[in-house]
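Below: one structure, written as structure tokens.
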Amino acid sequence: MTEESPEIYAPQANLPAMPADVPLLRIEGVSKSFGNFRAVDRLSLDIAAGEFFALLGPSGCGKTTLLRMLAGFETADGGRILLGGRDIAPVLPHERPVNMMFQNYALFPHLDVRDNIAFGLKRAGLPRADIDSRVAEMVALVKLEGMEKRKPDQLSGGQKQRVALARSLARRPKILLLDEPLAALDRKLRESTQLELMELQRRLGMTFIVVTHDQEEAMTMANRIGVMNGGRLEQVASPRDLYEAPQSRWVAEFVGDVNLFDGEVASREHSRITVSTSGGAALAVAEPRNVSVGTAVSVAIRPEKVKLSRRGPGSDAVSSQLINRLEGEVTDVSYLGGLTVYKVKLDSGAVVRSSIANTVRLDRDTYSVGQRVVAWFTPDDCVVLQR
Amino acid sequence: MARKVNSLSPFNVTSLALGLAFLYLPIIILVIYSFNDSRLVTVWGGWSLRWYREFFNDRAMLDAAWMSLRVAAVSATIATLLGTMAAVALVRGERFRGRPLFSGMLYAPLVMPEVISGLSLLLLFVALNAERGFWTVSIAHTTLTMCFVTVVVQSRLASLDRSLEEAAMDLGCDPVRAFLSVTLPLIVPAIAAGWMLAFTLSLDDVVIASFTTGPGSATLPIRIYSEVRLGVKPEINAISTMVIAFIAVVIVIASLASKLSSSQGESAAPL
């Protein structure tokens, strides 16, 4: 970006002196109700400058309401939203140094691409020459050269998405809010656009907050993900931690696929506990936290960490004692291309899913329905969740 | 699959022809007889523009026509202004107190018998001791036509995406500016269609106008009506034909405008 054209939003210098540890955005116990429905429930969250943050959750979890409160279209019933240490409650939407990219893009149908992008710049009263150069820069940024004179309804879905992005970036907001930015695109386009958005965010060093219900999208793009459910944040973590160390049963089930065994802690030695499941099996699980014997827990294991073999790894180099072995019968085989997902009905009655990567083109070592197998996994691959 | 869906059976053609004839035959006869040279309305005396010439020499008729056009223009303009504001309040105001009542009262003139509206307005003007004439008719027509404008504008406004205005605010517009720079340009065709609808309604009206007008300020329909009571002159046919032609043109323009508004920009060629 060229640095000559004036900034619309005051640089940090204009804000009151800000200690280094104050985050760019601090949400403090914010609530919002619609009638009897609590859309956002005493939610607190810090977002640092330069982050690519994703709010992930099922529809109706309050993520869009939270985003609209940041933009100023909804007023919080309680709590505070601090931007650069300053409460933005009294600041009207058109005066907030944030811009939003709307889910349906909300392009102005009566204006062409150029005027759509220039809209916010004209309102800011930028000189004509600056507007022209900034628009040209934005058009180049989103690769829409030659489309400037087109009206929105002469654009494809992907092009509209780019215009909406350029329009919301043109004012160089402190924070860009993106409401389901890729939901209207087809799968292929969505994947390439995800990468472009990440690249753009890195290059501009801007703070992005994206709302999505698509976990893959959140995992791909964001540095940090806040999983929302029923107006509350269930967990805020990096994509990897969210998947490998979910803090609740709900998160484990919402993010990715998971096998869950309910049971209670039977014994405990060092950092390893034994859980006796309701199906009668005893599972050895690595657990660094102090969980007392008798506690009701769920053991979560991701399908790709459950391996299958005909006899079980008894003769492996690894001591067989450290491995959970569950015998059962294959009841379903789903070939998905890169993966094959097996459903195994265990002798205890529970069903466990195992997904195995198809790393060889002509694999003779597959299992068929009705075959007896041993599903096995290591204690370290399990996560213990309190119930 | 081979059967054409659009093909019409003889029964369909007959019923269509009869239906159209029922609606338009009287008007066609009126138009044809407006070119009648005969002094008697029911006797054909050859083609002529005689009665059109007669009309343009009829001072009283011309005054009435001019009066009607002025009333229609003024009342349509006021009705459009108020009707658009009401539509905005109904669509954008979401759930304000008394919204159902407001909406009901707004649409009451649609179903109110015109005689009653006319009479109540007359009583009001008498009570206010207002001198009846151009302005009383204009006000009366405004109350008659405002709800039609609201219906037209409201449907367009309701179909507009609310996030367009939010996007404008997000990009630095205060709410008023957002309305003026984004919403208004998008509903202008509906507003224009509403104005033309109000205009033609006012031009047509005889009942309310006859209650609220005063001496020396008869509108064209009132003038025609009073002439007819003394016996139908062929001149009336000529005037009626011109009114029909005029209204037809206005209606075609109005429907084109509303079609344009629903397919905004689709036909605009890229430059």
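The values are calculated or read from the model by the stated rules, or taken from the named source; none is laboratory data. Just so we're clear, the structure is a prediction, and the values are computed from it rather than from any experiment. Quick reminder, even Gly has a Cβ in these numbers, built from the backbone with ideal geometry, and neighbours come from all protein chains shown. Each accessible area value is taken on the protein alone, full model and side chains, heavy atoms only, with ligands, DNA and RNA left out. Shrake-Rupley method; radii C 1.70, N 1.55, O 1.52, S 1.80 Å.
Among B:Ile139, A:Phe37, A:Met198, flag the residue with its Cα farthest along the positive direction of the charge dipole of the protein assembly as shown, charges on Cβ as +1 for Lys/Arg and -1 for Asp/Glu.
Toward the positive end, the furthest listed residue is B:Ile139.
Accessible area of the range B:184-237 with a 1.4 Å probe: how many percent of it is carbon plus sulfur?
The C+S portion of the solvent-accessible surface of the range B:184-237 is 69 percent.
Using only alpha carbon pairs under 8 Å that are at least six residues apart, calculate the relative contact order of the range B:59-261 and give it in whole percent.
35 percent
Which value, in debye to the nearest 20, describes the size of the charge dipole of the range B:59-261 about its Cα centre when Lys and Arg Cβ atoms bear +1, Asp and Glu Cβ atoms bear -1, and nothing else is charged?
Dipole of the range B:59-261, to the nearest 20 debye: 180 debye.
If you count, for every residue in B:38-49, the Cβ atoms of partner chains within 10 Å of its Cβ, what is the mean?
Average neighbour count from other chains, rounded to a whole number: 0.
Rounded to the nearest 500, what is chain A's calculated 222 nm mean residue ellipticity when only DSSP H runs of at least 4 contribute -39500 (n - 2.57) each, over all residues?
Counting only the DSSP helices, I get -6500 deg cm²/dmol.
Mind grabbing the interface size between A and B? I mean buried accessible area, both sides, 1.4 Å probe, in Å² to the nearest hundred.
For A against B, buried area totals roughly 2100 Å².
Leaving out ligands and nucleic acids, note down the accessible area per residue over the range B:59-261 with a 1.4 angstrom probe, in whole Å².
Here the per-residue accessible area is 48 Å².
Need one number for the range A:159-203: average projected area of the convex hull over its C-alpha atoms, nm².
3.2 nm²
Based on a Kirkwood Rh over C-alpha pairs, give the Stokes-Einstein translational diffusion coefficient of the protein assembly as shown at 4 °C and viscosity 1.567 mPa s in µm²/s.
41 µm²/s
In whole Hz and in residue order, list the ³J(HN,Hα) couplings for the range B:136-143 that follow from phi through the Karplus curve 6.51 cos²θ - 1.76 cosθ + 1.60, θ = phi - 60°; x for Gly and Pro.
Karplus-based 3J(HN,Hα) across the range B:136-143 equals 5, 5, 4, 5, 4, 5, 4, 5 Hz.
Within 10 Å of each Cβ in peptide A:98-110, how many partner chain Cβ atoms are there on average? Round it to a whole number, please.
5
If I take the Cα coordinates of the range A:211-279 and project them onto the principal axes, what are the three extents in Å, biggest first?
Extents along the principal axes, in whole Å: 42, 24, 21.
Relative contact order, percent, of chain A when contacts are C-alpha pairs under 8 Å separated by at least 6 residues?
Relative contact order here is 15 percent.
Using all Cα-Cα distances in the range B:9-101, what percent lands in each 10 angstrom bin from 0 up to the longest?
With 10 Å bins starting at 0, P(r) equals 13, 18, 20, 21, 19, 8, 1.
Over the range A:257-386, calculate the relative contact order: mean separation of alpha carbon pairs under 8 Å at least 6 apart, over the residue count, as a percent.
With pairs under 8 Å counted, the relative contact order is 30 percent.
Just to be sure I understand: with springs between alpha-carbon atoms less than 10 Å apart, which residue in A:Phe34, A:Phe261, A:Phe108 has the highest mean-square fluctuation in the Gaussian network model of chain A?
A:Phe34
Using the Cα atoms as the points, what is the convex hull volume per residue of the range B:63-134 in Å³?
So the per-residue hull volume is 119 Å³.
Based on the Cα coordinates of the range A:181-295, what is the per residue volume of their convex hull in Å³?
Taking only Cα atoms, the range A:181-295 has a hull volume of 151 Å³ per residue.
How big is the shadow of the Cα convex hull of the range B:11-164, averaged over all directions, in nm²?
The Cα convex hull of the range B:11-164, projected and averaged over all directions, gives 16.1 nm².
Determine the per residue accessible area of the range A:257-386 with all protein chains present and a 1.4 angstrom probe, expressed in square angstrom.
With the other protein chains kept in place, the range A:257-386 gives 53 Å² per residue.
Dividing the Cα radius of gyration by the Kirkwood radius, what Rg/Rh value follows for the range B:100-167?
1.15
Arrange the residues B:Thr42, A:Thr220 by how much accessible surface each exposes, largest first, with a 1.4 angstrom probe.
The ranking, largest first, comes out as B:Thr42, A:Thr220.
For the range A:118-233, take the alpha-carbon Rg, divide it by the Kirkwood Rh, and send me Rg/Rh.
Checking Rg against Rh, the ratio lands at 0.99.
Using protein chains only and a probe of 1.4 angstrom, how many square angstrom of B:Lys259 are accessible, to the nearest 10?
130 Å²
Based on Cα coordinates alone, diagonalise the gyration tensor for chain A, multiply each eigenvalue by 5, take square roots, and list the semi-axes in whole Å, largest first.
Semi-axes from the Cα gyration tensor: 48, 26, 17 Å.
Kirkwood hydrodynamic radius for the range A:56-166: how many Å is it when counted over pairs of different Cα atoms?
15.8 Å
What number do you get for the range B:1-60 when its Cα radius of gyration is normalised by 2.2 N^0.38 Å, N = residues?
1.86
Would you calculate, for chain B, the mean residue ellipticity at 222 nm contributed by helices, counting each DSSP H stretch of 4 or more residues as -39,500 (n - 2.57) and dividing by all residues, to the nearest 500?
-24000 deg cm²/dmol
Could you list, in their original order, any pairs among A:Lys122/B:Lys259; A:Lys63/A:Lys122; A:Lys122/A:Lys174; A:Lys149/A:Lys188; A:Lys188/A:Lys343 whose Cα atoms are separated by more than 24 Å?
With Cα atoms farther than 24 Å apart: A:Lys122/B:Lys259; A:Lys63/A:Lys122; A:Lys149/A:Lys188; A:Lys188/A:Lys343.
Per the Kirkwood definition applied to all pairs of different Cα atoms, how many angstroms is the hydrodynamic radius of the range A:257-386?
Evaluated over the range A:257-386, this radius sits at 15.2 Å.
Suppose accessible area is computed on protein heavy atoms with a 1.4 Å probe; arrange A:Tyr342, B:Tyr52 from highest to lowest.
Correct descending sequence by accessible area is B:Tyr52, A:Tyr342.
Please check the range A:62-96 for residues whose accessible area, probe 1.4 Å, is lower by 50 Å² or more when all protein chains are in place than in their chain alone.
Relative to the lone chain, where solvent access is computed with a 1.4 Å probe, the range A:62-96 loses at least 50 Å² at A:Phe73, A:His94.
What does the charge add up to near A:Asn99, with Lys and Arg as +1, Asp and Glu as -1, over the other residues with Cβ less than 14 Å from its Cβ?
Summing Lys/Arg as +1 and Asp/Glu as -1 gives +3.
Which residues make up the longest stretch of chain A that has no GluC sites (Glu not before Pro) in a DSSP loop with at most 14 other Cβ atoms within 10 Å?
Segment A:146-387 is the longest.
Stick to the Cα atoms of the range B:59-261, pair each with every other, and give me the Kirkwood hydrodynamic radius in Å at one decimal.
By the Kirkwood definition, the hydrodynamic radius is 18.4 Å.
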